[in-house]
Amino acid sequence: MPESVEPHEPGELEPIRVPDPHLEGIEASVRKLMEQSAQQAQQLDHLAATPAASPSPFAAFGLPGLGGPPSAAPPEPRPILELEGEGYEDELDSLSDWVDDFLLPVYGAEVTTAAPWCLEWQEHDDVVAWLHALWLAYEQHKDPEAGLSGLFVWHRDFLTHALAAVRAPGGPLSACMTSPERPAHRLLPGPPPSARTEKANTAEADTPGSGEPGQPAS
């Protein structure tokens, strides 16, 4: 007996009925697409997987790029006056080599009253700090990543100012050697502490029961 169809209201769309053979074809196509998607997902997972490192005959020698362990990044440079003990002495030795082997032979102008020098410049902390900063800047600007103008920038922005400060007539070496025939070394005293610091120190010393910092009051 044919299925009865209820009448529809005016303006209502009649549902579309797809014959059964067409539904089977659509279902088969959907299953095929799902299988293809699963296969593609497996291929992508395989391509994204990190390949296992193959053993290298050079791995035992620790050679970088040949299967050995990666080389550690060099430590970040620190201002030399922040170093202590053996670290400071090693850095000062390296700085002295650069100053004596490169800086002075190339840029060391004649020693005069207008351009003094000191054979014991390592005893002047401010000179050590200036020359160490100049050395670090040189290492940075001679690197290929600094570009072709890297060393020009070093000459213009660092070398000129550093030497002008270190060898100024009234600079830190002005009481040292002003003639090659008269070597001399003298550390100039710096300015006293500020009035505010002196006042604070005096007030602390006058406080009853105050002892040394970190020590209990007697």
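Just so you know, all these numbers are worked out from the coordinates, no wet-lab data involved. Nothing here was measured: the structure is a model prediction, and the numbers come from that model. Methodologically, a virtual Cβ is constructed for each residue, glycine included, from the backbone with ideal geometry; neighbour enumeration extends over all protein chains shown.
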What net charge is computed for the residues neighbouring residue 184, neighbours being all others with C-beta under 13 Å from the C-beta of residue 184, Lys and Arg scored +1, Asp and Glu -1? -1
Using θ = phi - 60° and the Karplus curve 6.51 cos²θ - 1.76 cosθ + 1.60, what whole-Hz ³J(HN,Hα) does each residue of the stretch 198-207 get, with Gly and Pro shown as x? 4, 5, 5, 5, 5, 5, 5, 5, 7, 6
Residue 204 to residue 174: FRET efficiency via 1/(1 + (r/R0)^6), r the Cβ-Cβ distance, R0 41 Å, to the nearest 0.05? 0.70
If R0 is 25 Å, what FRET efficiency do you get for residue 109 and residue 182 from their C-beta distance, rounded to 0.05? 0.90
